[in-house]
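The values are calculated or read from the model by the stated rules, or taken from the named source; none is laboratory data. Everything numeric here is computed off the predicted structure, so don't read it as measured data. Here the Cβ is made from the backbone with ideal geometry for all residues, glycine too, and neighbour counts use every protein chain on show. Side chains are part of the model used for accessible areas, which takes the heavy atoms of the whole protein and leaves out ligands, DNA and RNA. Shrake-Rupley method; radii C 1.70, N 1.55, O 1.52, S 1.80 Å.
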Amino acid sequence: MNPIRRGPPLTLAPDGLSRRRILVGAAGLAGAAVAETAAADSLADVPARGPGAALSDRSERSEFVHLARVPESTPGRRHIDAAEAINSKAPLDKLVGTITPADLHYERSHSGTPEIDPAKHRLLVHGMVKTELVFNMNDILSMPSTSRVAFLECTGNGWENWKEAPPDVTVQNTHGLISTNEWTGVPLSFLIDLVGVERNSTWMLAEGGDGSAVARSIPLTDEIVAEGMLAFGQNGEPLRPAHGFPLRLFLPGFEGNLNIKWLRRLKFGDRPFMTRWETARYTQLQADGRARQFQLKQEVNSVITAPSGMMTIHPGYNRITGLAWSGNGCIVRVEVSTDGAKTWKDAQINLPALPKSQTRFQIDWNWDGIPTKLVSRSTDEKGNVQPDRATFIAMTGTNALFHYNAQQTWAIGADGVVRNVLA
């Protein structure tokens, strides 16, 4: 019979304090606040135990958990009919950790989600290659695969705040066009070697199988070749149709529209293919009227998800938490201001802080009940620091629409209601 395992004996520290008391003290502000609340409850309030529901073919969420995306058409147009929507945003304010459930991953499409039979799907690889080939999904699934956790972000994420700050929005509205998944697929480098891409080929055209035939020119940089993949898996299961089933291109850290869904064609060449998606659509209008092309990398960014837009808090202890990310690699620092960017404190970064993945941060805060503003700013491993709005607008102007990564400010009124403001 195995002996009962008990906790360590109550030994005394050199100053006479017990080890247990030292550990309790290390919990700090959060521990004290939780302990004060917990002391008022008892096991008498816990429902009696009994038989639960029968097993089923899949697990559903608890009836007490309500998670959903919100559809949107253009910036500022919310609460619309889903048929008018061009995207659907992830509920960042209700998620924990960093991984986004597949059914809540943000969605962006130009002509809806096609229904594709994987048995009939084909991938054509041609252009400046030694051997032009057509692969079916069995061919793809028989190739070596790899998995990695990384974010995917629409270039329009944050577009709510380009010109003004609608006060009655949530963080789901302002920043919900980003999600982090574990992606599984064939390394792009393997396919390049397989078809024998010519040395002087410096660009790749990726085309999707949707009704809009979205196609983008992608430079064959060392980073893209090394990290890109032909993804068929998402969080341990096949891709959901809205996210590219049965095959999509995935390029960690690069703007969402390059990550072509329902991938049907790759063409290699020695120059950009200049599709309408990179001439009329995904270009960035600058303050001087000129348009910038191929702004491909997603910049360093962060947002406080709690307390955030339309939440209500009370004076006393509050835990501030949020998400930070960068297409340049790992997040190494997140700072939080509770006085409108006058002073800053380092937040705790939850580990593991993976490269090109959303990273959660948190910090303790005692609110005195006086109106104030919360702001976060992140720094990545390349030394890039998330800009404040004034600096960002000075660089880009307000004619643009994509790649908004200015610091997000939440204003807290005397009533404890959190609202969106520009600064």
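A few notes on this one:
- For the residues T409, T146, T170, a GNM of the chain with alpha-carbon springs under 10 Å puts the largest fluctuation on T146.
- Full extension of the chain between T398 and T131 gives 91.4 nm of extra length, using 0.36 nm per residue less the Cα-Cα distance.
- Isotropically averaged projected area of the range 153-274, using the convex hull of Cα atoms (one quarter of hull area), nm²: 9.0
- Calculated over the range 106-152: convex hull of Cα atoms, volume per residue (Å³): 163
- Phi to ³J(HN,Hα) by Karplus 6.51 cos²θ - 1.76 cosθ + 1.60 over the range 362-369, Hz, x for Gly, Pro: 7, 7, 7, 8, 9, 8, 8, x
- Multiplying the residue separation of D368 and D388 by 0.36 nm and subtracting their alpha-carbon distance yields 4.7 nm.
- Two-site FRET efficiency, A423 against A119, from Cβ-Cβ distance with R₀ of 56 Å, rounded to 0.05: 0.55
- Applying Stokes-Einstein at 20 °C and 1.002 mPa s to the Kirkwood radius of the chain, computed over alpha-carbon pairs, gives a translational diffusion coefficient of 90 µm² s⁻¹.
- Within the range 106-228: Cβ-based charge dipole about Cα centre, in debye rounded to nearest 20 (Lys, Arg +1; Asp, Glu -1): 280
- In this structure, the pairs whose alpha-carbon distance is over 25 Å, taken from K163/K356; K163/K297; K89/K120; K345/K373, are K163/K356; K89/K120.
- Sites matching GluC sites (Glu not before Pro) across the range 131-180 that sit in DSSP coil, with at most 15 neighbouring C-beta atoms within 10 Å: E132, E164
- Here the range 250-373 is assigned +1 on the Cβ of each Lys and Arg and -1 on the Cβ of each Asp and Glu. Its dipole about the Cα centre then comes out at about 760 debye.
- Put simply, the amide H of L133, placed in the peptide plane, has neighbours under 5 Å in V125, leaving out anything fewer than 5 places away on its chain.
- Shape of the range 307-375, Cα gyration tensor, a/c cut at 1.5: prolate
- Sulfur and carbon atoms: percent of accessible area, the chain [1.4 Å]: 54
- In order through the range 375-385: 3J(HN,Hα) via Karplus (6.51 cos²θ - 1.76 cosθ + 1.60), integer Hz, x for Gly, Pro: 9, 10, 9, 10, 10, 9, 5, 8, x, 6, 10
- Length-normalised contact order of the chain in % [C-alpha pairs under 8 Å, at least 6 apart]: 15
- Excluding ligands, DNA and RNA, the accessible surface per residue across the chain is 50 Å² with a 1.4 Å probe.
- Fluctuation leader among Q358, Q293, Q348 - the chain, Gaussian network, Cα springs under 10 angstrom: Q293
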